[in-house]
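These notes are about the structure you will find just below.
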Amino acid sequence: MADLFQSTALKDGKRIVIKIGSALLVDATYGTVHRSWLESLASDIAAARARGQEVVIVTSGAVAVGRRYLDLPQGSLRLEEKQAAAACGNIRLAHAYQEVLGHHRTTVAQILVTLEDSENRRRYINARNTIETLLKVGAVPLINENDSVATDEIRFGDNDRLAARVAAMISADTLVLFSDIDGLYTADPSKDLAAEFIPVVHHITPEIEAMAGGSASNVGSGGMTTKIAAAKIALNAGCRMVITKGERPHPLQALEDGVKATWFLPEATPKKARKQWISGSLKTVGKVIIDEGCLKALKAGKSLLPIGVKEVIGDFERGEAVQVMSLAGQEVARGLMAYGSDDAKRIVGVKSSEIEEKLGYHGRDVMIHRDDLVVDP
């Protein structure tokens, strides 16, 4: 039954984020990429894409690869040495991914991010739009933390949480953490022979958090603690997450075949979780007044087009939340604006085909996309 669930959970995923740890990807002694393993993963990714799934990769390993080419010492590195190693290693990692996925006629596009990119609203929207566009045109986004410029104060520090933030950002429904451990146990199984394996988690309770231990690898920076933190982010975003040992060839296929793993299962879908976030967690900073025709369209599940807008009130940036008001002054919806207030005011009442003429650039055809809109019942 568990095997069937795992296979279904993966195959039903529409948008999958895969996080690959350093220990899986890079030889700890020589700093070289495990090429045959990466080729097997590329084959798995090609199979997933062939059945219509979108795949995003969050990869570790840049520092581990780069330090070898720069002949940096073993052990701890100073911040500036890590940054230099990352700058060197990112090129080689991206090239390795492009080579193995290129055999399957797949284009890889690298995106380097920092913690600020997921917390600053404008940069968050830009990163989301870039990843969405790459997926739309059939590329595989390859994401890593921008260690070459990030300081300790603005770093994620591990790619488990980065992967979860990316999954939440793009409303992914499945997050796969390939690691050096096969799942969550009641205690560290390498130290406690009585530790019990936990196959499914529905809620991150204090008891679950207490089970987290350290990293078993001397290459990576994440342990079970960071994976539980990632699970919190994923579950809040309506994204299911799985932790499994990824060292075997064809790790995605192995997961489908029922290899040992811990699944973290959310109560809501990514779409519902995003709507709850918009309606309940964001402070509104402006208002959009709409006509009756626009209101009917919104209630029918349509996006908010500028032609149905009568007035825009307030000062705000693109991606910020606003109230959508009827002509009678009643709040009828809330949503995230596709335009800042200055541009939004310039396109009030115009057709989508006229936006470029009004603004001098080709922006979005909608003022608020339906996926970023919560309409009152």
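The values are calculated or read from the model by the stated rules, or taken from the named source; none is laboratory data. Note that the coordinates shown come from a computational prediction; the quantities given were computed from them, not determined experimentally. Quick reminder, even Gly has a Cβ in these numbers, built from the backbone with ideal geometry, and neighbours come from all protein chains shown.
Structure values in brief
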quantity: Extreme residue, nearest to Leu24 (Cα to Cα), among residues of segment 100-109 that are outside any strand (DSSP E or B) and in contact (Cβ under 8 Å) with a residue 24 or more places away in the chain; calculated: Val100
quantity: Tally, over segment 33-73, of residues that are part of a loop (DSSP other than H, G, I, E, B) and in contact with a Leu (Cβ under 8 Å, 6 or more places away or on another chain); calculated: 3
quantity: Scope segment 236-250; condition surrounded by fewer than 23 Cβ atoms within 10 Å (Cβ to Cβ) and aliphatic (A, V, I, L, M); matching residues; calculated: Val242
quantity: Subset of segment 7-45 (residues that are modelled with pLDDT under 85, surrounded by 22 or more Cβ atoms within 10 Å (Cβ to Cβ) and under 21 Å from Thr262 (Cα atoms)); calculated: none
quantity: Criterion violated by Arg68 - all others in (1) surrounded by fewer than 13 Cβ atoms within 10 Å (Cβ to Cβ); (2) more than 19 Å from the chain's Cα centre (by Cα); (3) not aliphatic (A, V, I, L, M) satisfied; calculated: (1)
quantity: Identity of the residue in segment 105-138, out of contact with any helix residue (DSSP H, G or I) (no Cβ under 6 Å at 6 or more places or on another chain) and of a type in the set (D, E, K, R), that ends up farthest from Arg165 (Cα to Cα); calculated: Arg105
quantity: Hits in segment 313-329 (condition: in contact with a helix residue (DSSP H, G or I) (Cβ under 7 Å, 6 or more places away or on another chain), more than 23 Å from Pro377 (Cα to Cα) and of a type outside the set (Lys, Arg)); calculated: Gly314, Asp315, Phe316, Glu317, Gly319
quantity: Residue match in segment 231-251 (condition: under 18 Å from the mean Cα position of the chain (by Cα) and closer than 30 Å to Thr29 by Cβ); calculated: yes
quantity: Meets criteria (over 21 Å from Pro251 (Cβ atoms), modelled with pLDDT under 85 and acidic (Asp, Glu)) for Asp147; calculated: yes
quantity: Some residue of segment 77-91 being more than 22 Å from the chain's Cα centre (by Cα), at pLDDT below 90 and not in a helix (DSSP H, G or I); calculated: yes
quantity: Cβ pairs under 6 Å, 6+ apart, first in segment 11-25 and of a type in the set (S, T, N, Q), second part of a helix (DSSP H, G or I); calculated: Ser22/Ala64
quantity: Exclusive hit being outside the structural domain of Ala230 (by TED's automatic domain parsing), surrounded by fewer than 20 Cβ atoms within 10 Å (Cβ to Cβ), more than 30 Å from Thr205 (Cα to Cα) and of a type in the set (A, V, I, L, M), set Val332, Val288, Val324; calculated: Val332
quantity: Filter result for the condition that a residue is part of a helix (DSSP H, G or I), on the phi < 0 side of the Ramachandran plot and out of contact with any Pro (no Cβ under 6 Å at 6 or more places or on another chain), over Tyr97, Tyr30; calculated: Tyr97
quantity: Enumerated helices (runs of 4 or more DSSP H) restricted to segment 242-328, each holding at least 2 residues that are at pLDDT below 90 and within 30 Å of Ala231 (Cβ to Cβ); calculated: 270-280
quantity: Residues of segment 344-377 that turn out to be out of contact with any Asp or Glu (no Cβ under 9 Å at 6 or more places or on another chain), in a helix (DSSP H, G or I) and under 17 Å from Lys310 (Cβ atoms), as a count; calculated: 3
quantity: Qualifying residues in segment 343-377 (those that are within 16 Å of Ile125 (Cβ to Cβ) and among the charged types (D, E, K, R)) - the one surrounded by the fewest Cβ atoms within 10 Å (Cβ to Cβ); calculated: Asp371
